[in-house]
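Undergrad: Would you mind keeping the following structure in view while I ask a few things?
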Amino acid sequence: MSLHRPILRGTLPLSDMVGALRAAAEDTRLRILALLAEGELSVSDLTDILGQSQPRISRHLKVLSEAGLVERHREGAWAFFRIAEEGSARLLQQILSALDDGDAALSADRERLAAVRGERSRAAQSFFARLAPRWDELRSLQVAEEAVEEAVLRLVGPDRLGAVLDLGTGTGRMLQLLAPLAERATGLDASHAMLSVARANLARAGQSRVDLRQGDIYAPSLGRGAFDLVIVHQVLHYLDDPARALAQAARLLAPGGRLLVVDFAPHGLEFLRETQAHRRLGFAPDQVCGWLEEAGLTAEHAGDLAPPEASDGKLTVSLWLGRDRQHAIQPRTDATREVA
């Protein structure tokens, strides 16, 4: 059984060890754990895969949750479960690594998991197809996405990342780009429908272990100081209070952590308010730098990516990078402001 989470160090009290072993030592529960090792799943997913009733699956999940082997989070009316990353996680990794990949029951479970993911992907793409004309219109107005992604990777740098958070993850594209570089990746979005799209896209890219959560960007229910990199990609222009959102994002940074903002430079395309629900028509460099400073960060970079043929009808993409001051290398000066 391939489990790509990092091995967590630490020991368990005897009572916790016995409880975790008892919880895992049951056929269906062990199959559930093996499935969750492949990525988070809902009760409905597990019911379809295992061919058991929802009450029975829920009882098994309750036992596993109480033993600290799985974690539960809500997404609207849905509940998703994933392998725990603390507590009994180290013990569980050792148990799962000892399973035989060729076991007939586990192989059949993985086949049904693939079918469930395929159906999930088709449903998500059907939803996204209805939005595609709006997205295509916006993409036609701005610099190529490939250029933006290259600039993001340059700013992030070549070093291995720790915990990464994508606020307003949308289709999950930034997670697809950054999750392979991270020890842990999380995406948050207010829309269950968009999270379904992100979940399908990430599964298709082989990144099904990314943690996706439904939540409010103004009040993210995530651990303070828990992330080394937070990215806010093409989100601010939808918000009534971008400064408040960045202040909340900054609270999530670990000491020395970085906040990367990607959005549009100021423009005059008023029709985007009606056709794309934009609240703001871009942001000036000093405006976002000021918000980063007010949030307790050092603004280390502010740069633009203009379309090859810039005109009044084209959008320039801007990138800002702020760093938590507990580890700021140097204060921001005019010399540190760059153009990507």
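The values are calculated or read from the model by the stated rules, or taken from the named source; none is laboratory data. Quick caveat, the model's predicted, so the values are computed rather than measured. Here the Cβ positions follow ideal geometry from the backbone for every residue, glycine too, while neighbour counts run over all protein chains shown.
A quick yes/no check of all residues on (1) within 20 Å of residue 73 (Cβ to Cβ); (2) of a type in the set (S, T, N, Q); (3) modelled with pLDDT of 90 or more; (4) not assigned by TED's automatic domain parsing to the domain that holds residue 209:
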| residue | (1), (2), (3), (4) |
| --- | --- |
| 9 | no, no, no, yes |
| 18 | no, no, no, yes |
| 21 | no, no, no, yes |
| 25 | no, no, no, yes |
| 39 | yes, no, no, yes |
| 50 | no, no, yes, yes |
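Undergrad: May I pose another question? Among the residues of region 60-82, how many are at pLDDT below 85 and not charged (D, E, K, R)?
TA: Looking only at that region, the number is 6.
Undergrad: Ok, one more. Scanning for something without any contact (Cβ under 8 Å) to a residue 24 or more places away in the chain and on the phi > 0 side of the Ramachandran plot, does region 201-211 turn up at least one residue?
TA: The answer is yes, given that some residue of region 201-211 is without any contact (Cβ under 8 Å) to a residue 24 or more places away in the chain and on the phi > 0 side of the Ramachandran plot.
Undergrad: For region 212-236, what are the residues that are more than 29 Å from residue 305 (Cβ to Cβ), among the charged types (D, E, K, R) and touching a strand residue (DSSP E or B) at 6+ places or on another chain (Cβ under 8 Å)?
TA: If the condition is that a residue be more than 29 Å from residue 305 (Cβ to Cβ), among the charged types (D, E, K, R) and touching a strand residue (DSSP E or B) at 6+ places or on another chain (Cβ under 8 Å), then 213 is the only one that fits.
Undergrad: Here is a further query. Scan the helices (runs of 4 or more DSSP H) fully inside region 22-92 and keep the ones with 3 or more residues being surrounded by fewer than 16 Cβ atoms within 10 Å (Cβ to Cβ).
TA: Helices (runs of 4 or more DSSP H) meeting the threshold: 54-66.
Undergrad: Scan region 306-340 for residues that are modelled with pLDDT of 90 or more and either of a type in the set (A, V, I, L, M) or more than 23 Å from residue 218 (Cβ to Cβ) (or both) and report the count.
TA: The qualifying residues number 4.
Undergrad: Under 8 Å by Cβ, and 6 or more places apart or on different chains, what pairs join a residue from region 183-196 that is more than 9 Å from residue 169 (Cα to Cα) with one that is part of a helix (DSSP H, G or I) and at pLDDT 90 or above?
TA: Within 8 Å, the pairs are 185/175; 185/178; 185/179.
Undergrad: Oh, and also: Considering each residue of region 264-307, count those that are touching a residue at least 40 places away in the same chain (Cβ under 8 Å), surrounded by fewer than 20 Cβ atoms within 10 Å (Cβ to Cβ) and at positive phi, and give that number.
TA: 1
Undergrad: Further, regarding this structure: Taking residue 155 as the residue in question, decide whether it is farther than 30 Å from residue 254 by Cα, modelled with pLDDT of 80 or more and either surrounded by 12 or more Cβ atoms within 10 Å (Cβ to Cβ) or not charged (D, E, K, R) (or both).
TA: No: the conditions fail for residue 155.
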